[in-house]
Amino acid sequence: MSSRPLIFCALDTADLEQARLWARAIGPVTGALKLGMEFVNAHGPAGIETVQKAAPDAALFIDLKFHDIPNTVAGAVRTICRNFAPAYLNVHAAGGRKMMEAAKEACEATSTNTKLLAVTILTSLSEPEIIEVGYTSNLEEKVQKMALLAKDSGMDGVVCSPFEARYLRKKCGKNFDLITPGVRPSNSDTNDQYRVMTPKHAISEGATHLVIGRPITDAPDLARAAQEIMDSLK
């Protein structure tokens, strides 16, 4: 895994050929791609393999946010790591310590390359929505608690909002990865993300790597859009 900031471009589509073409165009530029629920639920392991073949040198983040009993999550992590050894894979921190520890054990037993992340609070949620679903502490407190629990449970990092990166970097140390979605170039729509920040600002706040989707995949020239964002980080 590169130590320089990488942009994991989210290939959010159920169209296999579209994802393959995106991967071929974007992978060599950003050096990293992300596959999520929409794509994996549509095409399964064969779809992941297709994307890996289209961009063999790109780091892959398989974003499935596992959240279940420890044994079930461990089995899911074991299967993904054994078959694909992605750069990153994630689970929900809300699954608790035992679940995260079981996931980490399964990951280490089957892959020497995969880093395991825990999702804290989705970047689509606002503070009122977080309260509505039953969390009593405020957003910052909740994210800090979840990130520290994730680190203590053996996770390699967390997925968090860029607005949380600065204080999580202070709390969790320099060797804890912070992967931030909710990142948009200044000229892009925010779409369904609530807490957003520009790429360069997110890195300056302490993010390790970024997740960006539609500002690249909706552009007329994918490679150019990706390169412009990469250049903005210099």
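The values are calculated or read from the model by the stated rules, or taken from the named source; none is laboratory data. The structure presented is a predicted model; accordingly, all values stated were derived computationally and were not measured. No Cβ is skipped: glycine too gets one built from the backbone with ideal geometry, and neighbour counts run over all protein chains shown. When the accessible area is computed, the model is the full protein with side chains, heavy atoms only, and any ligands, DNA or RNA have been set aside. Shrake-Rupley method; radii C 1.70, N 1.55, O 1.52, S 1.80 Å.
Miscellaneous remarks
- Pairs of Cα atoms nearer than 8 Å and 6+ residues apart set the relative contact order; for the chain it is 19 percent.
- Listed options for Rg and Dmax of the Cα atoms in Å are (i) 16.7, 45; (ii) 17.3, 63; (iii) 17.9, 55. The value calculated from this structure is the one marked (i).
- Taking amide H positions as modeled 1.01 Å from N, with prolines and chain starts lacking one, the residues under 5 Å from Leu125 and 5 or more places away or on another chain are Tyr194.
- Ligands, DNA and RNA are left out, and with a 1.4 angstrom probe the accessible area of the chain is 46 Å² per residue.
- Spatially proximal lysines relative to Lys174 (Cα-Cα < 17 Å; intrachain offsets below 8 disregarded): Lys115, Lys151
- Comparing Ala147, Gly213, Pro70 along the charge dipole axis of the chain, the residue lying farthest to the positive side is Ala147, per the Cβ-charge model.
- In a reduced charge model with +1 at each Lys and Arg Cβ and -1 at each Asp and Glu Cβ, the chain shows a dipole moment near 740 debye about its Cα centre.
- Annotation: extensible slack from Glu105 through Lys234 equals 42.8 nm (criterion: 0.36 nm per residue apart, minus Cα-Cα distance).
- Taken along the Cα-to-beta-carbon direction at a fixed 7 Å, the label points for Lys53 and Asp15 span 2.1 nm.
- The H on the amide N of Asn90, modeled in the peptide plane, is under 5 Å from the matching H of Leu64, Lys65, Phe66, Leu117, each at least 5 residues off or on a different chain.
- Derived scalar couplings ³J(HN,Hα) [segment 167-179; Karplus, 6.51 cos²θ - 1.76 cosθ + 1.60; whole Hz; x for Gly, Pro]: 6, 6, 4, 5, 6, 9, x, 6, 9, 9, 6, 10, 9
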